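A.B. asks: Structure provided below as structure tokens; questions to follow.
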Amino acid sequence: MITIIPEAPENVAAFNATGEITKEDFENLVIPHVKEKVEQFGELNYLLYLDTDLDNFTMGAWLEDVLLGLKNLTKWNRTAIVTDQEGVQNFTDIFSVLMPGEFKSFPKENLYNALYWCKNGNEVEV
């Protein structure tokens, strides 16, 4: 299931992924919310907090995620993936070279720093 993170800054489409993730999660929640943010701000600042194993994303959900990315390709600004899964962190770092905009991975303990980075483009001084 995907839910919106309510404490996200206004210019950030932020989602929490738990349990099984389906195509319907993207169709009914993610895509409409992303469209709203792009229309409102002219760019996409996106955060995904992965609180589930990648095995829980159905094939349809991954396909929908890819289509979402391609559809709004020129609108990507900043994307944060928050996870403790090292493979996803490495993928995010590699993917950032191929996509427009900035992509960055953060460990789960740094969720609020990731939200701040998505909003402002810099991190909180620690």
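A.B. asks: Considering only region 82-93, I want to know if a residue exists there that is in contact with a helix residue (DSSP H, G or I) (Cβ under 9 Å, 6 or more places away or on another chain), among the aliphatic types (A, V, I, L, M) and modelled with pLDDT of 90 or more. First the steps, then the outcome.
C.D. replies: Taking region 82-93 first, the residues in contact with a helix residue (DSSP H, G or I) (Cβ under 9 Å, 6 or more places away or on another chain) are 82-85, 87-88.
Still in the running and among the aliphatic types (A, V, I, L, M): 82, 88.
Then keep just the ones that are modelled with pLDDT of 90 or more; that gives 82.
Within region 82-93 (the criterion being in contact with a helix residue (DSSP H, G or I) (Cβ under 9 Å, 6 or more places away or on another chain), among the aliphatic types (A, V, I, L, M) and modelled with pLDDT of 90 or more), the answer is yes, since at least one residue qualifies.
A.B. asks: Could you check region 8-35 and list, in sequence order, the residues that are out of contact with any strand residue (DSSP E or B) (no Cβ under 7 Å at 6 or more places or on another chain) and modelled with pLDDT of 95 or more?
C.D. replies: If the condition is that a residue be out of contact with any strand residue (DSSP E or B) (no Cβ under 7 Å at 6 or more places or on another chain) and modelled with pLDDT of 95 or more, then P9, E10 are the ones that fit.
A.B. asks: Here is a follow-up. Residue by residue through region 21-57, note down the ones that are under 20 Å from T83 (Cβ atoms) and of a type in the set (V, I, T).
C.D. replies: Answer for region 21-57, where residues must be under 20 Å from T83 (Cβ atoms) and of a type in the set (V, I, T): I21, T22, V30, V34, T52.
A.B. asks: Further question on the same structure: Go through V12, V34 for me and flag whichever is surrounded by 14 or more Cβ atoms within 10 Å (Cβ to Cβ) and touching a Lys or Arg at 6+ places or on another chain (Cβ under 7 Å). Write out each step before concluding.
C.D. replies: Numbers: V34 fails: touching a Lys or Arg at 6+ places or on another chain (Cβ under 7 Å).
None of the other options fit; the residue is V12.
A.B. asks: Every residue in region 11-55 that is within 13 Å of the chain's Cα centre (by Cα) and among the hydroxyl-bearing types (S, T, Y), please.
C.D. replies: Hits for region 11-55 are Y46, Y49.
The values are calculated or read from the model by the stated rules, or taken from the named source; none is laboratory data. What you see is a predicted model, and the numbers here were worked out from it, not measured in a lab. Methodologically, a virtual Cβ is constructed for each residue, glycine included, from the backbone with ideal geometry; neighbour enumeration extends over all protein chains shown.
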